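Here's the structure we're looking at; comments come further down.
The values are calculated or read from the model by the stated rules, or taken from the named source; none is laboratory data. Computed from a predicted structure; not experimentally measured. Backbone-built Cβ (ideal geometry, glycine too); neighbour counts: all protein chains shown. In case anyone asks, the SASA skips ligands and DNA or RNA and just uses the protein heavy atoms, side chains included. Shrake-Rupley method; radii C 1.70, N 1.55, O 1.52, S 1.80 Å.
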Amino acid sequence: KVSIITINYNNAEGLQRTMDSVLNQSCRDFEYIVIDGGSSDSSKDIILSHRDRLTHWVSEPDKGIYNAMNKGIQAATGEYCLFLNSGDYLYSDTVIENILKMSYNEDIVSFVTVNTDGKVSHRKKAPENISLYSLIDASLPHPSTLIKRSLLVKIGGYDESYKIVSDWIFFIESLIFSNASYRTIDYNLSVFDR
């Protein structure tokens, strides 16, 4: 089972788009967790309107995005976690059904992200082979990367002392220093709204 985790703060429009893409999936064999940082816009109303379809949700002040992501990890019970933050959305209504049919068991499985600015889109596939150089050049795309929850727990989640690079540090720690297993699959999983 996959735990889809959405982090949000004052992005009601993006949150609605993200939640619609998850809740309209053709299968329901996943859990959905929404962590809101105590938004002052209509985000909480959107969450409340869907609360009966959420596995877990919270709307409270936090200490930043990585603190919120760690809250999501703590609430998750799935084998894999997928961080689909507000504004990003699943590529189609059958994405989860299709990836659950695929065979993989690696610690980190990275699919294709479609990057868009609303006018121009392009596919971004993670590198086939991970090295320190490839991770220095670019991090893996969170919205299209499944991470085993057991690995997130083993590494200790995301380092909350960083504001914007903790996911990059996590991938270096797990793939380079802890030798986590890795695979990339050429399949569009999500759309990243730049």
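Which residues among region 1-37 fall inside the zone where the amide N is under 12 Å from a point 7 Å beyond the Cα of Y187, along Cα→Cβ? Label zone hits: none. Expressed to the nearest 5 percent, the antiparallel share of DSSP beta bridges inside region 7-138 is 45 percent. Taking the DSSP beta bridges with both ends in region 78-194, the antiparallel portion is around 60 percent. The mean accessible area for residues of region 118-194, using a 1.4 Å probe and ignoring ligands and nucleic acids, is 57 Å² per residue. Pairs from the table (K63/K119; K63/K101; K101/K125) lying more than 28 angstrom apart at Cα are K63/K119; K63/K101.
Extension gain for K154-N98 works out to 17.4 nm (0.36 nm per residue, less the C-alpha to C-alpha distance).
Amide H to amide H, with H built 1.01 Å from N, E31 comes under 5 Å of V2, S3, I4, counting only residues 5 or more places away or on other chains. Counted by Cβ distance under 12 Å from C27, the other residues give a net charge of 0, where Lys and Arg count +1 and Asp and Glu count -1. Split the accessible area of the chain by element, probe 1.4 Å, and carbon with sulfur accounts for 48%. Scalar couplings 3J(HN,Hα) for region 106-113, obtained by applying the Karplus form with A = 6.51, B = -1.76, C = 1.60 to θ = phi - 60°, are 5, 5, 10, 10, 10, 9, 8, 9 Hz; x denotes Gly and Pro. By how many degrees, between 0 and 90 and to the nearest 10, does the Cα long axis of helix 12-23 differ from the longest principal axis of the chain? Once rounded, the angle reads 70 degrees. Averaged over residues, the count of other Cβ atoms within 10 Å places the peptides 17-26, 131-140, 40-49, 3-12 in the sequence 3-12, 17-26, 40-49, 131-140, highest first. Test of understanding: in a Gaussian network model of the chain with alpha carbons linked when under 10 Å, which of G118, G78, G87 would top the mean-square fluctuation ranking? Residue with maximal mean-square fluctuation among G118, G78, G87: G118. Residues of region 130-166 falling in the label zone of T55, defined by backbone nitrogen less than 15 Å from a point 7 Å along Cα to beta-carbon, are 146-153.
In the chain, the calculated helix contribution to ellipticity at 222 nm averages -8000 deg cm²/dmol per residue, counting -39,500 (n - 2.57) for every DSSP H run with n ≥ 4. Taking Cα centre as origin and charging only the Cβ of basic (Lys, Arg, +1) and acidic (Asp, Glu, -1) residues, the dipole magnitude of region 53-168 rounds to 100 debye. Take every pair of alpha-carbon atoms less than 8 Å apart whose residues are at least six positions apart; their mean separation over the length of the chain yields a relative contact order of 27 percent. Amide H contacts of Y187: V112, each under 5 Å away and 5 or more positions distant or on a separate chain (H built 1.01 Å from N in the peptide plane; Pro and chain starts excluded).
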